[in-house]
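Asker: Dropping the structure in here first, questions after.
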Amino acid sequence: MARINLLPWRENLRRERQRNFMIALAATAVVAILLVFAGSYMVEREISGQDDRNQYLQNEIRTLDREIATIEKLEAKRDDLLQRKEVIERLQENRSMMVHLFNSLAQTVPEGIRLNSVGQSGERLTIRGTAQSETRVSDYMRNIERAEWMHDPELSIIEAIEQSDSGFEPYRFELRARIASPKTVAQEEAAAEALEKEA
C-alpha cells in the first residue's frame, strides 16, 4: 500500500488560514480605528457646532438683557411721568375744589337747617349747625349723598338744645363728610368693582 504524506498540504492550509485570519484581524483593527476616528471627528464637530450655537444664544441673551434694562428704565420714567401727571391733575382739581365745595354747601342745605361752622382737614369736612328737626338733618344727609363733590356723610352728634328766644332751631348737630371730585369717586368705585370681581 502506497503512503501519501499530506503534512505539507495541511501545513500550507494552516498557514494560509492563519495568514487570512491575521489579514482579517488587521483589516478589522484598521476599520475599528477608522470608525473610532470618524466617530470622534463627528462628536467633535457636533460639540463645536453646539458651542457655536451656545455662543450665539449667549450673545443674543446679552443683547436682550440690555434691551430689557432699557425697557425697565423707560417704564420707570413712564411711571414717574404718570405720577407727575396725576399730581398736576389733582392740583388742577383742587384749585377749583373750594368753589365746588361752597357751591355744594349752598345747594345741599335744606330749609330749616342753619350751618354754624364748616371745617376741613384733608378730604374730611366737619359741619356743625342747628336744625328745626331731626328729619331736616336726615334730608341734609341725603342731599350730601346726592351731591357731586360731597360724599359719605356720617352723623356724629344730634341733640336737643335749650330753647332759644325765638325757639326756631331746637336741635344741634355735627356731621362729617368727604370732599372729593366726581372723577376720583368714579375711579375708586371702578377699582372696588374690579377687586370684587377678582375675589
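Asker: Regarding Leu155, is this residue of a type outside the set (Asp, Glu), part of a strand (DSSP E or B) and more than 30 Å from Glu89 (Cβ to Cβ)?
Answerer: yes
Asker: State whether one or more residues within the stretch 101-121 are in contact (Cβ under 8 Å) with a residue 60 or more places away in the chain and within 35 Å of the chain's Cα centre (by Cα).
Answerer: no
Yes or no, residue by residue, for (1) at negative phi; (2) aliphatic (A, V, I, L, M):
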| residue | (1), (2) |
| --- | --- |
| Val87 | yes, yes |
| Arg90 | yes, no |
| Gln107 | yes, no |
| Ser133 | yes, no |
| Asp152 | no, no |
| Ser156 | yes, no |
| Pro170 | yes, no |
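Asker: May I pose another question? Being surrounded by 10 or more Cβ atoms within 10 Å (Cβ to Cβ), assigned to a helix (DSSP H, G or I) and either among the polar types (S, T, N, Q) or in contact with a Ser or Thr (Cβ under 8 Å, 6 or more places away or on another chain) (or both): is that true of Thr126 here?
Answerer: no
Asker: The conditions are (1) exposed (fewer than 10 other Cβ atoms within 10 Å of the Cβ); (2) outside any loop (DSSP other than H, G, I, E, B), and Glu111 fails exactly one of them. Which is it?
Answerer: (2)
Asker: Looking at (1) at pLDDT below 90; (2) farther than 20 Å from Val185 by Cβ; (3) acidic (Asp, Glu), find the lone condition where Glu89 falls short.
Answerer: Going through the list (1) at pLDDT below 90; (2) farther than 20 Å from Val185 by Cβ; (3) acidic (Asp, Glu), Glu89 breaks only (2).
Asker: Within the stretch 79-91, is even one residue part of a helix (DSSP H, G or I) and under 30 Å from Glu174 (Cα atoms)?
Answerer: For the stretch 79-91, residues part of a helix (DSSP H, G or I) and under 30 Å from Glu174 (Cα atoms): present.
Asker: Has the stretch 166-178 got any residue that is surrounded by fewer than 13 Cβ atoms within 10 Å (Cβ to Cβ) and not hydrophobic (A, V, I, L, M, F, W, C)?
Answerer: yes
Asker: Find the residue count for the stretch 95-108, including only residues that are of a type outside the set (S, T, N, Q) and surrounded by fewer than 14 Cβ atoms within 10 Å (Cβ to Cβ).
Answerer: Here the count works out to 5.
Asker: Give Val99, Val31, Val87 a once-over and let me know the one that is β-branched (Val, Ile, Thr) and farther than 30 Å from Val118 by Cα.
Answerer: The conditions single out Val31.
The values are calculated or read from the model by the stated rules, or taken from the named source; none is laboratory data. Only a predicted model underlies this, so the values are computations on that prediction, with no experimental measurement involved. No Cβ is skipped: glycine too gets one built from the backbone with ideal geometry, and neighbour counts run over all protein chains shown.
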